[in-house]
Protein chains: 2
Amino acid sequence: MPRLKGFEKLTNIEEAFSVFSEKLKAKRLKSVQIPVGKAFGRILAIDVKADYDLPRSDRSAVDGYAIKAQNTFEASQFNPKRLRLTEDEQVHENEARQIWTGNPLPPGADTVVMLEHTRRIRDGIEVLTPVTLGENVSKRGEDVRKGEIAVGAGTRLKPHHIGLLAALGLTHVRVVEKPEVALLSTGNELVDPGCRAESNQLVDVNRLIISCMCSELGAKATDLGIAKDDIDEISARILKGLEEADVVIITGGTSVGHADLVPAAVNKVGDPGVVVHGVAMRPGMPTALAILLGKPVFMLPGNPVAAMIGFEVFVRPLLFKLLGIENDPRPMLKAKLTHRVASVLGRRVFLRVHVYERDNEFFADPVRIKGSGILSTMTKANGYVMIPEDSEGLEEGESVIVHLFDKIVVA
Amino acid sequence: MPRLKGFEKLTNIEEAFSVFSEKLKAKRLKSVQIPVGKAFGRILAIDVKADYDLPRSDRSAVDGYAIKAQNTFEASQFNPKRLRLTEDEQVHENEARQIWTGNPLPPGADTVVMLEHTRRIRDGIEVLTPVTLGENVSKRGEDVRKGEIAVGAGTRLKPHHIGLLAALGLTHVRVVEKPEVALLSTGNELVDPGCRAESNQLVDVNRLIISCMCSELGAKATDLGIAKDDIDEISARILKGLEEADVVIITGGTSVGHADLVPAAVNKVGDPGVVVHGVAMRPGMPTALAILLGKPVFMLPGNPVAAMIGFEVFVRPLLFKLLGIENDPRPMLKAKLTHRVASVLGRRVFLRVHVYERDNEFFADPVRIKGSGILSTMTKANGYVMIPEDSEGLEEGESVIVHLFDKIVVA
């Protein structure tokens, strides 16, 4: 079987990414100091160590009475232990002092008995159950110890991280700058979103989709517009992108059919230019990877779905490198495949599936496809399954790992 | 065993939410028209129907040659079928016309043979394999049919939805307005984030955490500050919140110990006031739900973790109602519990777990806790397991459903 020149050798995904990464040697971007309140979703640039113990002193974890545990050891519902209520600073033998959740434990007390386990009497309380030493007390430093790393570098800051950083007294945090990604579409047939396409035209949706995917990961997209199928125009725009941004993504014109316009335009800009062209994956086979001025340039197929998969496989991990994140996989789950699916030997196939839950079991329903351009396969799916290169397909009922990109439906 | 006055009756979660919802009768907020390019993450307010078929005409799904399938039925590698190359508008018997991915199929052709399955000869091509009728053709309307609902009301717009809407020629979409949520913290012991807390003070992290949780869901938080433990001050701020926002959330001061300050302040503002106080859950037991001026008012515990769980259980579904979303569960997966865990009969326990993957198996490691205030249990966990009210605990190795709030680690 004859092979096409440009794709004489399809590189497998891991090899493509490692060849590219070794040449690129991407480093984490610079960091910037911002207020904690604005850091949600950003990537922490340095380990944040606790300046003090948290809690700062022993505190009550419940509403109740601060006591000495040993005074209750013989207490029971039929033989309650009476303790005298005090409002003194110090709690003495057989005394109890009322305390609310979060209050520091008064000196002398070692334990808190819950309100519910006491009964109020005239000048004191009755404890109805023995209390273990230290019960209901949050020990000083129990949450975070002084000097301990509270939140590590490379963490994407979720609400609870923001809370912990603020609890440690931080007003500002150092986060990694947002990678800037310049987006270019190519093709004489393309018109901008919002323009009505004639029957021989196509609305270019790739820049929109990819700019959303960028912002989802914490990167910032800038727009290089649509270039005509013209080498000079394309390379001029690539150059502009390289001046402004950390990453350039070009969609369209990478398939061999399109006379290799984009790879030629890339190689015209400089060295080393294209380092991988043609990847053993489906969809996304015409994906190409290049390096210009030390920056990564991704050439993704014009097909929106193939472009999305190309982004997922190559751009996503590169953005993580720039952000200083080790690994940030999508949520995954195991599900039962509802239908047999054929695959292609020698290609990693990204099977779009619709996952749903029924009776605590997860099922993955393959979304029937034909042609990678079918956007509705993405809107009907909520995840994908990777079928490895050495597999001819998956059987009905087989257990598969699904990478989720949208929510699960409970059937 | 004596019970506390305020919590004489703990309501179970479903009952609490249904009592509250029935009285509140929350409706979806108004909608607003915005550019498609700004709609990422917003909630679509109306069903969007396709104005035209997508693709708009039969198109090639590959790079290759447009042909008549019947001309290739006897082709094989040893007996290739020769076709004459044409550049005419029309493809006739035994002719082939070059075509790139996405191009409309020329009249006369019914099928596309992939470049890889052909060999170029002087004035034509040789087809090396029979091609099925319609192969490699994306039929008109195959993606979305004219009049079909392309993206439904209540959809949170992901990159692929934005792409599909733009492909359908939309410049603007109608989305649901962002719910405004006013956040108030109460407690004499609280200081603002950024202020250094004395040993008897606490940094108030709840407004920060909850404002992040709101923005995660597509709501907008406004700040009512910290109120002292004073009924008049608290009710004045609640009133301000009700004037500005769709939802008011108050943290702190709901535990019975705190003399019921916040519920009293809420009831002072108007009717019906507090409708649920005390929920059979852990953490989050002192949660209270109220209605004022027809708007929901949530009173969450002062403990940050308890407040987060209270938000998860009650505020989240209410915000979904305001946004017009039926159901938007967190990503879930099944995992094996690594340790036995005791629970409390009669309470729904929210067990924080750390989920990791090893050899294609997911494991959930319970994060050891003591007191719900321990924020690091949230930063160490990436999900939670609900232990039902009628369970005394979970066994080691038991299969559990984990609701994920952070990423999974591959061990």
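Listed here are the residues, each with its yes/no results for (1) farther than 28 Å from B:ASP260 by Cα; (2) touching a Pro at 6+ places or on another chain (Cβ under 6 Å); (3) more than 12 Å from every other protein chain (Cβ to nearest Cβ).
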position: B:LYS295; (1), (2), (3): no, no, yes
position: B:ALA342; (1), (2), (3): yes, no, yes
position: B:PHE362; (1), (2), (3): yes, no, no
position: B:ILE401; (1), (2), (3): yes, no, no
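Identify the residue in segment B:391-406 that is surrounded by fewer than 20 Cβ atoms within 10 Å (Cβ to Cβ) and part of a strand (DSSP E or B) and, among all such residues, is nearest to the chain's Cα centre (by Cα).
Of everything passing the filter in segment B:391-406, B:HIS403 is nearest to the chain's Cα centre (by Cα).
Can you say whether B:VAL297 is crowded, with 21+ Cβ neighbours inside 10 Å, part of a strand (DSSP E or B) and among the β-branched types (Val, Ile, Thr), as far as the supplied structure shows?
On the way: crowded, with 21+ Cβ neighbours inside 10 Å: yes; part of a strand (DSSP E or B): yes; among the β-branched types (Val, Ile, Thr): yes.
Yes, satisfied.
On the basis of being within 13 Å of chain A (Cβ to nearest Cβ) and closer than 24 Å to B:PHE20 by Cα, does B:ASP328 make the cut?
Numbers: within 13 Å of chain A (Cβ to nearest Cβ): yes; closer than 24 Å to B:PHE20 by Cα: yes.
Spelling it out, B:ASP328 is indeed within 13 Å of chain A (Cβ to nearest Cβ) and closer than 24 Å to B:PHE20 by Cα.
Is it true that some residue in segment B:208-216 is among the small types (Gly, Ala, Ser) and within 22 Å of the chain's Cα centre (by Cα)?
Pass one, segment B:208-216, residues among the small types (Gly, Ala, Ser): B:211, B:215.
Still in the running and within 22 Å of the chain's Cα centre (by Cα): B:211, B:215.
Within segment B:208-216, one or more residues are among the small types (Gly, Ala, Ser) and within 22 Å of the chain's Cα centre (by Cα).
Any chance segment B:221-234 includes a residue that's within 28 Å of the chain's Cα centre (by Cα) and more than 29 Å from B:ALA264 (Cα to Cα)?
No, the conditions are met nowhere in segment B:221-234.
Is there a residue being assigned to a helix (DSSP H, G or I), at pLDDT 95 or above and either at negative phi or among the charged types (D, E, K, R) (or both) anywhere in segment B:253-263? I'd like the intermediate steps shown before the answer.
Residues of segment B:253-263 assigned to a helix (DSSP H, G or I): B:256-258, B:261-263.
Filter again for at pLDDT 95 or above, leaving none.
No - not one qualifying residue is present in segment B:253-263.
Would you please name the residue that is farthest from the other protein chains (Cβ to nearest Cβ), looking only at residues in segment B:118-133 that are surrounded by fewer than 23 Cβ atoms within 10 Å (Cβ to Cβ) and out of contact with any helix residue (DSSP H, G or I) (no Cβ under 7 Å at 6 or more places or on another chain)?
B:ASP123
Which of the residues that make up segment A:264-281 are closer than 21 Å to A:SER18 by Cα and not in a loop (DSSP other than H, G, I, E, B)?
Result: A:VAL266, A:ASN267, A:PRO272, A:GLY273, A:VAL274, A:VAL275, A:VAL276, A:HIS277, A:VAL279, A:MET281.
Enumerate the strands (runs of 3 or more DSSP E) found wholly within segment B:24-89, keeping only those where 1 or more residues are more than 9 Å from chain A (Cβ to nearest Cβ) and closer than 30 Å to A:LEU375 by Cα. Full working, then the answer.
Values: elements: B:31-35, B:64-67, B:81-85.
Hits in segment B:24-89: B:31-35, B:64-67.
Against the condition surrounded by 14 or more Cβ atoms within 10 Å (Cβ to Cβ) and either under 26 Å from B:LEU190 (Cβ atoms) or not charged (D, E, K, R) (or both), how does A:LEU85 come out, does it pass?
The answer is yes for A:LEU85.
If I go through segment B:106-157 residue by residue, how many of them are under 30 Å from B:LEU44 (Cα atoms), in a loop (DSSP other than H, G, I, E, B) and out of contact with any Ser or Thr (no Cβ under 8 Å at 6 or more places or on another chain)? Give the steps one after another, and end with the answer.
Filtering segment B:106-157 for residues under 30 Å from B:LEU44 (Cα atoms) gives B:138-157.
Keeping just the survivors that are in a loop (DSSP other than H, G, I, E, B) gives B:139-143, B:145-148, B:152-155, B:157.
From what's left, out of contact with any Ser or Thr (no Cβ under 8 Å at 6 or more places or on another chain): B:139, B:141-142, B:145-148, B:152-155, B:157.
Residues that pass the stated criteria total 12.
Among (1) modelled with pLDDT of 95 or more; (2) among the polar types (S, T, N, Q); (3) farther than 18 Å from A:PHE320 by Cβ; (4) surrounded by fewer than 22 Cβ atoms within 10 Å (Cβ to Cβ), which single condition is A:SER215 missing?
Unmet condition: (3).
Answer with yes or no whether B:ILE325 is under 30 Å from B:SER31 (Cα atoms) and assigned to a loop (DSSP other than H, G, I, E, B).
Yes, satisfied.
Residue check, A:ALA245 against (1) small (Gly, Ala, Ser); (2) within 20 Å of B:THR101 (Cβ to Cβ); (3) away from chain B (no Cβ under 14 Å), all met but one. Which one?
(2)
Spot the failing condition for A:THR111; the list is (1) surrounded by 22 or more Cβ atoms within 10 Å (Cβ to Cβ); (2) more than 45 Å from the chain's Cα centre (by Cα), and only one is missed.
Only one criterion in (1) surrounded by 22 or more Cβ atoms within 10 Å (Cβ to Cβ); (2) more than 45 Å from the chain's Cα centre (by Cα) is unmet by A:THR111, namely (2).
Does A:VAL144 satisfy being surrounded by 17 or more Cβ atoms within 10 Å (Cβ to Cβ) and more than 35 Å from the chain's Cα centre (by Cα)? Lay out the reasoning, then the answer.
Values: surrounded by 17 or more Cβ atoms within 10 Å (Cβ to Cβ): yes; more than 35 Å from the chain's Cα centre (by Cα): no.
No.
Go through (1) more than 7 Å from chain B (Cβ to nearest Cβ); (2) free of Cβ contacts under 8 Å to residues at least 40 places away in the same chain; (3) closer than 30 Å to A:PRO55 by Cα for A:ILE149 and report which single condition fails.
For A:ILE149, the failing item is (2).
Can we say B:ARG358 is at pLDDT below 95 and surrounded by 13 or more Cβ atoms within 10 Å (Cβ to Cβ)? Spell out how you get there, then give the answer.
Details: at pLDDT below 95: yes; surrounded by 13 or more Cβ atoms within 10 Å (Cβ to Cβ): no.
So B:ARG358 does not fit the description; no.
For B:GLU177, only one of the following conditions fails: (1) among the acidic types (Asp, Glu); (2) within 30 Å of B:LEU242 (Cβ to Cβ); (3) at the interface with another protein chain (Cβ under 8 Å from one of its Cβ atoms). What is its number?
All conditions pass for B:GLU177, except number (3).
The values are calculated or read from the model by the stated rules, or taken from the named source; none is laboratory data. Worth saying up front: this structure is predicted, and the values here are computed from it rather than measured. Note: ideal-geometry Cβ built from the backbone for every residue, glycine included; neighbour counts use all protein chains shown.
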